[in-house]
Amino acid sequence: MYPEHIEQYFVPKSVSEVTTLLGQHPDAILLAGGQSLLPLLKARALSARTLVDLNRVDGLSEIVTDGGRLQIGALARYCDVLRDANVQYRFAALVDAISAIGDRQVRNRGTVVGSLAHGDHTGDIAPVALIFDARLELVRTNGERISTLFETYADQPAGEFIQAIGLQNTTAASAFIKHGRVAQDRAILSVAAAFACDDQDRCIGVRIALGGVQPGAMRLVEVEDRLEAATVDTTLTQDLGKLAAATVVPQDDELASADYRTQLIRVAVPAVIENVVARTRRPAQ
Amino acid sequence: MKRPIEITINGESFDATVEHRLLLVDFIRDVANLTGTHVGCGFEGRCGACAVLVDGTAVKSCLMLAVQADGSKVHTIEGLANNDVLHPLQQAFRDKHGLQCGFCTPGFLMTLYDYLNDPDFDPSEEAVRSAMSGVLCRCTGYVHIVEAVQQAAQSLAQLSAAERALLAAG
């Protein structure tokens, strides 16, 4: 199977060339890793009259750490983000999530930003982005640069190009769990959590986000509020699982029923919290 | 809708004017006539039989457009052996019976070649199975493939750095 005709294919070398092209071709589709896009083009679920290939744009693949801030460029590949020592140390949930994406070949080409831009509700990066207060670094067709919170960012308007994503964390431990039907599958449900524990084992700065159950990932605000300043024990985590299941209405779709997703929420929320607690108890590196 | 591109495959340069939508796997098979790289699935890119090296890393050539590989160095299964001398990984597949019909085998060999060269290579069964999860085999049940990788790792470890460099693709 192969795509429909692609009339125009551009290979810009700079961000300004990208924005110029997007201004001239409002219907252009951007190509980064292509691991989500190519299957859609081949299935002809999507047609690309104009394709803008980002893979040769200078300076887009950087992974930069500055204190508690991590900036991942649009073309930073999953495999390179995984290998980054600061990512492994401070953003363990991101390591968990990327490790569960696709396979080795997919991770050699696919990109973190591409997953967010693609916007599939089963995407594994979105819940991780939410727990780390992610910001999108956007460039508009007029060259204007804006930074916007990922959580409140609606569908990408035509012509805005995500140049990078910034994640923030200093003290929190984190973890991510994904459930699919089979190995390497898309998520039926994914959950990311981050918090630190104080010297009395109380949870601080709790963030928990769910993916795969509805269009768009979501923070579990009631669960966060319950867990904040509380100490974790089995009774509490089980209660939090039930609370999450009560506050979320998952969708029914071809991957899973709403009932099954509800059951997974009951199981996965306690599990991810326990994973984070286990990581907070590790000796500092 | 077309553009001229040049791709080096196994050290040989191939020039052609191709449609933008031409997949890299179809360039390799139909333009370069290297049919050792296989197409085993529809649009999803799940089967991995098309795996090749592009600029040194394993990718699924059905999930790339040929135009994206303009100016790149590609290595396919045809380039793995050195004339008639099998690469230790190929020899290990032979010794350990790591194939039956052979359709998926080029995908496994190129992907596992990439994994063997990874600084984080881990010969444990769990790590090998995870590394090869992007290639599907309907014949073997994977057990002998894992054993072949472990044998190849041992063979490669016994070579000198110079000997290993000679085996390197690209």
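Since every read-out is calculated from the coordinates, none of them should be taken as a lab result. No experiment lies behind these values; they were computed from the predicted model shown. For neighbour counting, all protein chains shown are included, and Cβ atoms are generated from backbone atoms with ideal geometry for every residue, glycine included.
Count, for each residue of B:56-63, the Cβ atoms from other chains sitting within 10 Å of its Cβ, then give me the mean as a whole number. Mind showing how you got there, number by number?
Working: counts 1, 7, 6, 8, 10, 1, 5, 13.
Other-chain Cβ atoms within 10 Å of each residue's Cβ, averaged: 6.
Taking only the alpha-carbon atoms of chain B, what semi-axes of the equivalent ellipsoid follow from 5 times the gyration tensor eigenvalues under a square root, in whole Å, largest first?
Square roots of five times the eigenvalues give 27, 18, 13 Å.
Go ahead and estimate [θ] at 222 nm for chain B from helices alone: -39,500 (n - 2.57) per DSSP H run with n ≥ 4, summed, over the residue count, rounded to 500.
Working: 5 runs with 49 residues, N = 170.
Value at 222 nm, helices only: -8500 deg cm²/dmol.
Could you list A:MET1, A:MET218 in order of exposure, starting from the residue whose Cβ has the fewest other Cβ atoms within 10 Å?
Listing A:MET1, A:MET218 from fewest to most nearby Cβ atoms yields A:MET1, A:MET218.
From the helices alone, meaning DSSP H stretches of at least four residues, give me the mean residue ellipticity at 222 nm for chain A, per-run term -39500 (n - 2.57), in deg cm²/dmol to the nearest 500.
-10000 deg cm²/dmol
Between A:ALA278 and A:LYS242, what FRET efficiency comes out of the Förster formula 1/(1 + (r/R0)^6) with R0 = 22 Å and r the beta carbon distance, rounded to 0.05?
Details: r = 22 Å, r/R0 = 0.99.
Calculated transfer efficiency: 0.50.
What is the fewest-to-most order of A:GLU151, A:GLU144, A:GLU7 by other Cβ atoms lying within 10 Å of their Cβ? Don't jump to the answer; show the numbers that get you there.
Values: A:GLU151 16, A:GLU144 10, A:GLU7 13.
Neighbour counts put them in this order, fewest first: A:GLU144, A:GLU7, A:GLU151.
Restricting everything to alpha-carbon atoms, can you work out Rg to Rh for segment A:114-186 with a Kirkwood hydrodynamic radius?
1.02
To the nearest Å, what is the center-to-center distance of segment A:29-82 and segment B:98-122, using C-alpha atoms only?
26 Å
Contour minus end-to-end for A:ALA183 and A:THR148, with contour as 0.36 nm per residue of separation and end-to-end as the Cα-Cα distance?
Stretched fully, the A:ALA183-A:THR148 segment lengthens by 9.2 nm.
Across segment A:96-250, what fraction of all alpha-carbon pairs, as a whole percent, falls in each successive 10 Å bin from zero upward?
With a bin width of 10 Å, the distribution comes to 10, 37, 34, 16, 3, 0.
Treating only the Cα positions of the protein assembly as shown as identical point scatterers, give the base-10 log of I(q)/I(0) from the Debye formula at each q in 0.10, 0.11, 0.12, 0.13 Å⁻¹.
Normalising to I(0) and taking log10 leaves -0.78, -0.93, -1.09, -1.23.
Could you please rank A:TYR89, B:TYR142, placing first whichever residue has the fewest other Cβ atoms within 10 Å of its Cβ?
A:TYR89, B:TYR142
What do you get for the angle between helix A:234-247 and the principal long axis of chain A? Use alpha-carbon atoms, 0 to 90 degrees, nearest ten.
50 degrees
Which of the aspartates and glutamates could a cross-linker bridge to A:LYS178, judged by Cα under 13 Å and excluding same-chain residues fewer than eight apart?
Hits, sequence-local ones excluded: A:ASP96, A:ASP124.
What per residue convex hull volume, in Å³, comes out for segment B:11-105 when only alpha-carbon positions are used?
Per residue, the Cα convex hull of segment B:11-105 comes to 108 Å³.
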